1. Would you please list the contacts, defined by Cβ atoms under 8 Å and residues six or more apart or on different chains, that run from a residue in the stretch 198-210 that is polar (S, T, N, Q) to a residue that is assigned to a loop (DSSP other than H, G, I, E, B) and surrounded by 20 or more Cβ atoms within 10 Å (Cβ to Cβ)?
2. Looking at the stretch 134-149, which of its residues are of a type outside the set (Val, Ile, Thr) and buried (at least 17 other Cβ atoms within 10 Å of the Cβ)?
3. Tally the residues that are among the acidic types (Asp, Glu), without any contact (Cβ under 8 Å) to a residue 40 or more places away in the chain and either in contact with a His (Cβ under 6 Å, 6 or more places away or on another chain) or under 24 Å from Pro142 (Cβ atoms) (or both), restricting the search to the stretch 30-76.
4. Quick check on the stretch 77-89. Is at least one of its residues surrounded by 15 or more Cβ atoms within 10 Å (Cβ to Cβ), in contact with a strand residue (DSSP E or B) (Cβ under 8 Å, 6 or more places away or on another chain), in contact (Cβ under 8 Å) with a residue 12 or more places away in the chain and assigned to a loop (DSSP other than H, G, I, E, B)?
5. Condition first: of a type in the set (Val, Ile, Thr), buried (at least 17 other Cβ atoms within 10 Å of the Cβ) and modelled with pLDDT under 95. Can you find one or more residues in the stretch 3-12 that meet it?
6. What's the total number of residues in the stretch 146-168 that are touching a helix residue (DSSP H, G or I) at 6+ places or on another chain (Cβ under 7 Å), modelled with pLDDT of 85 or more and over 20 Å from Pro206 (Cβ atoms)?
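The values are calculated or read from the model by the stated rules, or taken from the named source; none is laboratory data. For clarity, every value in this text was computed on a predicted model and none was experimentally measured. Neighbour counts are summed over all protein chains in view; Cβ atoms, including those assigned to glycine, are modelled from backbone coordinates with ideal geometry.
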Amino acid sequence: MESIREQGRGAWLVFGLSGPIGRALHDGLHASDPAVLAVSRVPRPDDGRVTWLRQSLPGFTPPAQAIDAIASVGPLDAFTQWFESSDLVPARVVALGSTSVHAKKDSPVAAERAIAQVLRDAERRLEAAAQARGTALTLLRPTLVYGGGGDRSLGRLVTLARRWRVLPLPLRAGGLRQPVHVEDVATAVLGALRARSACPGFFDLPGGETLTFDEMIRRTLAAGAPGTRLVRLPGPLFRAGVGLLHGLGRLDEAGAGAMARLDQDQAYDAGPARKALGHYPRGFQPLPGVFPE
């Protein structure tokens, strides 16, 4: 495939390169890729692939250098706010949202419903801003992301299991899940950036395996907290315990919301991303050490 550099185009501007997905993206850069400009709040050393710009959103001022593509692998709402007010007219934008826009829209937890609405609003605003300037927008919605030290949902459960050596769960936790590795998300972003022709559209980005929550947590604990004993509780007792922990401040709203969805399916169609982006992610096989101490 002919690279953008070979086509004589401008640089890539990347937001979020210092985060878990961003680090995987950095590791996946090729020598044939265009120059990469990355934004960071703290000073970072340049290397042969990336020039760091010490700024932050929303007040980031881009350099006078030609920018052909912009990638955002950080918070979508902050990026959207900046892009709306910027003067840049890149050929393409690749941004990460989340399947939380689907999964949390009907959550019993108000804070989670608000998250879903923020994501939905940011998607629509970014789409409108891109259309207004003729920019091709590729919006990727990863499912539950793991690896690279950025595992919020699974990492929270591993932390509890390591602390208690037991993990309470309801008798049934059969909701379907599709965890996706950070490297596979980064590969999809890079594929959209490198493609000869832009791949506009909104794409759910699930992992390569659909499994029940029970099976996902079994593999997670085997890798991150071996020896943990699962304690199965009747649904009402489990929900009462979650409510008590939340009330005592031992479980935040995100954790309480996640516990409320253990028997709900969160599975999405990988076909569109596979067809447009060649997204063929790995199955869920977390390795020891994937969840840092």
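1. Thr210/Gln178
2. Ala136, Leu137, Leu139, Leu140, Arg141, Pro142, Leu144, Tyr146, Gly147, Gly148
3. The total comes to 0.
4. no
5. yes
6. Total meeting the criteria: 4.
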